[in-house]
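Structure, as structure tokens:
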Amino acid sequence: MASVLALPSRSGSSVVADESLAWGEVVVTVHKQMRSLVGPTRDLEDLTQVALEQVARAADGFEGRARFSTFTYRICAHVAHNHWRSWRRWLARFEPWGAGHEDDPALVDKTAAPPERLVLAERRRRVHAALERLSPTKRLTLTLVDLEELTVAEAAEILECGEPTVRSRLAVARRELYERLRRDPLFSKEGSR
């Protein structure tokens with residue numbers, strides 16, 4: 001029998017999140033959300049675990065005013081933001097020349113996919129690398145709105161800021177990402193054919 005995450009409703013009685021959302025579904029949701037934020041890094045599983053612990057601890061505070069996925073996204077965003085800040089501090093202290101994350105083995109094994117899939121995998125890897133160079137706040141905003149296709153209002157709620165702030169951060173993040181990728185042959189008009 002699957003365990004179920006019971007959350008308080010507005011009326012004060014205990015209800016199950018999103019009409020009988022089992023803990024296994026919460027785990028899958030949080031893992032997907034965390035992967036969308038941090039990409040296929042070696043820290044993905046650890047960050048997912050931290051986010052799940054925080055979801056379990058904060059479940060009593062869920063008021064049901066937003067979707068449960070928005071609630072978990074906010075927690076994932078905070079965990080990812082803290083990770084990036086600590087990673088940058090560590091990197092600046094010990095490896096100022098910048099060491100990258102290990103690549104996802106599925107993207108490295110060039111014999112496992114046809115050439116078109118390899119190009120797409122390489123493009124994905126380069127986008128994640130360019131996203132990692134953005135500040136954590138800009139990266140979160142861009143990921144939520146452009147990659148996860150959330151509305152500006154939903155992103156503002158997750159990031160706990162106003163919609164104009166989200167739009168401003170989004171414009172700056174898009175411009176910075178564009179500048180990083182526009183000189184890359186895989187993203188130029190000639191390289192994308």
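Quick notes on this one:
- Selection of segment 153-179 for residues being surrounded by fewer than 17 Cβ atoms within 10 Å (Cβ to Cβ) and either of a type in the set (Phe, Trp, Tyr) or part of a helix (DSSP H, G or I) (or both) yields 153, 163, 164, 165, 167, 168, 171, 172, 174, 175, 178, 179.
- Within segment 18-45, the set of residues being surrounded by 13 or more Cβ atoms within 10 Å (Cβ to Cβ), over 19 Å from residue 131 (Cβ atoms) and of a type outside the set (Val, Ile, Thr) comprises 18, 21, 22, 23, 25.
- Of residues in segment 113-150 being outside any helix (DSSP H, G or I) and modelled with pLDDT under 80, the one nearest to residue 84 (Cα to Cα): 113
- Boolean, residue 55 is modelled with pLDDT under 85, of a type in the set (A, V, I, L, M), crowded, with 19+ Cβ neighbours inside 10 Å and not assigned by TED's automatic domain parsing to the domain that holds residue 145: no
The values are calculated or read from the model by the stated rules, or taken from the named source; none is laboratory data. The shown structure was predicted, so the numbers you read here are calculated from the model rather than taken from an experiment. Neighbour counts run over all protein chains shown; Cβ positions are idealised from the backbone, glycine included.
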